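To start, the structure under review is shown below, and the notes come after it.
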Amino acid sequence: ERYPDPNYSGPNWRQKALAWMKLKDIKEGIIEFVGDDREPEFYAYYADYDWVVFCRLFGRMIDLPGHFPMWCRDLKQMMWERGLTGEWKEKTVPQNKNEHDALADAKWNWELYIKIMLAEREKLSNKD
């Protein structure tokens, strides 16, 4: 039996979630998604733990495909480096309602990245 509802949080939800997609399939999906990109970049918000879990899909970090970086760019750190606050984030890119849904999180991270880059560009253009 599979549990395709991503919001399922009943007893043994971790075991039931594994029935949704096998780790081997997730790993293969990532490799397929990256495709021929020889210098992929990975981003996450508060990336540390997510990156550890990501690397575990491949075994150890040194088992990542050779062209994958051994690090992830952290959007929270990028915000901090540019003086962007949590209030700025909530106003500019409110947290999505489907938190912990991988696709929704990826789209939210992409939007946050774009807004960070636009804020930096605006800050630099105002220095002139």
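The values are calculated or read from the model by the stated rules, or taken from the named source; none is laboratory data. Keep in mind that what you see is a predicted model, and the values were worked out from it rather than measured. Here Cβ is always computed from backbone atoms with ideal geometry, including for glycine, and neighbour counts include all displayed protein chains. Please note that ligands, DNA and RNA were not included when accessible areas were found on the heavy atoms of the full protein model with its side chains. Shrake-Rupley method; radii C 1.70, N 1.55, O 1.52, S 1.80 Å.
In nm, to one decimal, how far is the modelled label at Ile62 from the one at Lys22, with both set 7 Å along Cα→Cβ?
Between Ile62 and Lys22, the simple spin-label model gives 2.8 nm.
Per residue, how much accessible area does region 23-128 have with a 1.4 Å probe, in Å²?
74 Å²
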